[in-house]
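The structure appears right after this line, and notes come after that.
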Amino acid sequence: MTHKILRFPQVIAITGLPRSTIYAKLADDNDNFPRPIQLGARSVGFVAREIDDYIAQQIEMSRVEGTDE
């Protein structure tokens with residue numbers, strides 16, 4: 001099984017979230033945004049599958065919340 005690693009600019013483009021929001025989500029222990037993995041001394045990446053799962057979860061939550069109205 002191969003894992004695709006996304007760098008920060010790719011995560012920003014895929015999620016549509018600004019850098020500051022992603023950092024805020026990472027700082028919040030109660031947020032379910034995927035945590036990055038260490039790639040080197042000064043570089044991190046995100047597992048693409050985890051980002052995809054997060055987006056799918058956000059879509060599902062918005063669909064459930066939208067039916068209450």
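Determine the share of the chain's accessible area contributed by carbon and sulfur atoms, expressed in whole percent, with a 1.4 angstrom probe. Don't skip to the answer; put the middle values down first.
Details: 2670 of 5120 Å².
Ligands and nucleic acids excluded, carbon and sulfur reach 52 percent.
Based solely on its DSSP helices, what 222 nm [θ] is calculated for the chain when runs of n ≥ 4 H residues each add -39,500 (n - 2.57) and the sum is averaged over all residues, nearest 500 deg cm²/dmol? Each step should come with its number before you reach the end.
On the way: 3 runs with 36 residues, N = 69.
Per the formula, -16000 deg cm²/dmol.
Within the chain, which is the longest segment containing none of the trypsin sites (Lys or Arg not before Pro) that sit in a DSSP loop and have at most 15 other Cβ atoms within 10 Å? Provide the component values of the computation, followed by the final result.
Working: sites that count: Lys4, Arg7, Arg42.
Result for the longest clean stretch: 8-41.
Given Ser62, Ala41, Thr21, which one lies farthest toward the positive end of the charge dipole of the stretch 15-62, if we put +1 on the Cβ of every Lys and Arg and -1 on the Cβ of every Asp and Glu?
Checked the options; the winner is Ala41.
Quick test of the membrane-span-like rule: which DSSP H helices of the chain reach at least 20 Å along their long axis (C-alpha atoms) with mean Kyte hydropathy at least -1.0? Working shown, then result.
On the way: long enough: 48-66 (27 Å, -0.67).
Those that clear 20 Å and a mean of -1.0 are 48-66.
When the dipole is taken about the Cα centre of the chain, and only Lys, Arg (+1) and Asp, Glu (-1) are charged at their Cβ, what size is it in debye, to the nearest 20? Intermediate results must be reported in sequence, preceding the final value.
Numbers: 8 positive and 10 negative charges, 130 e Å.
The dipole magnitude comes to about 620 debye.
Compute the relative contact order of the chain as a whole-number percentage, counting only Cα pairs closer than 8 Å that sit 6 or more residues apart in sequence.
Working: 52 pairs, mean separation 24.4, N = 69.
Relative contact order of the chain: 35 percent.
Of all the Cα-Cα pairs you can form in the chain, what percent are over 16 Å apart? Before the final figure, lay out each step's value.
On the way: 1235 of 2346 pairs.
Cα-Cα pairs in the chain separated by more than 16 Å: 53 percent.
Give the accessible surface of the chain per residue, rounded to a whole number of Å², with probe radius 1.4 Å and ligands, DNA and RNA excluded.
Computed with neighbouring chains in place, this is 74 Å² per residue.
The values are calculated or read from the model by the stated rules, or taken from the named source; none is laboratory data. What you see is a predicted model; the values in this text were computed from it and never measured. Using ideal geometry, Cβ is built from the backbone for each residue, glycine included, and neighbour counts are taken over all protein chains shown. What goes into the accessible areas is simple: the full protein's heavy atoms, side chains included, and nothing from ligands, DNA or RNA. Shrake-Rupley method; radii C 1.70, N 1.55, O 1.52, S 1.80 Å.
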